[in-house]
Amino acid sequence: MVKNIMFAKTSELGKKTILFKIIYNLAVLVGNKQIEVDCVCSKEETIVIDTQKPFSVTATIADMQFQPIQEVIENNPFLVMVYINCISPWPIHILNSKFILTKDYCLADDCFMSQVKE
């Protein structure tokens, strides 16, 4: 028995139909003389899966005292607090996260690391 794990990725939510087709060679002994015949066989299986959103990501902007702010003022440091909420019916383990800034912004210090709890 051959067993393979497959991963699928979709960019849209909803029901997805996946067609699996396996092609394999099989040697069969035929007749009284046991003549070996090579056969090419195939099997198709279709499954329907429901794709769901795995998590939601929201962000809030706060001042350095963690108070929410509505706008960012030039040369005033601010915090971006990102919240990752698992909404999947299955458990998801996020190993790490990354927040990429555009060239218009820079870090206030070099001590930046993921706050994802393991």
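Worth a mention:
- Proximal charge balance of T10 [Cβ under 12 Å; K/R count +1, D/E count -1]: +2
- Most mobile of Q52, Q65, Q34 in a GNM of the chain (Cα contacts under 10 Å): Q34
- Computed over segment 15-82, the ratio Rg/Rh where both radii use C-alpha atoms and Rh is Kirkwood: 1.65
- The residues packed around F20, meaning those with a beta-carbon under 15 Å from its beta-carbon, carry a net charge of +2 if Lys and Arg are +1 and Asp and Glu are -1.
- Charged neighbours of F78, selected by a Cβ distance under 12 Å, balance to -3 (K, R count +1; D, E count -1).
- Note on K3 and K98: with the Förster distance fixed at 22 Å, the Cβ-Cβ geometry gives a FRET efficiency of about 0.10.
- Given in Å, the Rg to one decimal and the Dmax to the nearest whole number for the Cα atoms of segment 1-49 are 17.5, 57.
- Shape of segment 46-89, Cα gyration tensor, a/c cut at 1.5: prolate
- Converting the Cα gyration tensor eigenvalues of the chain into ellipsoid dimensions via √(5λ) gives semi-axes, longest first, of 56, 16, 12 Å.
- Just checking the listed ones, L26, L95, L13: in the Gaussian network model of the chain with Cα springs under 10 Å, the one fluctuating most is L26.
- Hypothetical label at C106: residues of segment 49-91 whose amide nitrogen lies under 16 Å (7 Å Cα-Cβ projection): 74-78
Taken together, the values in this text are just the output of simple stated rules run on the coordinates, not laboratory data. It should be emphasised that the depicted structure is a prediction, and the values quoted were computed from it without experimental measurement. Using ideal geometry, Cβ is built from the backbone for each residue, glycine included, and neighbour counts are taken over all protein chains shown.
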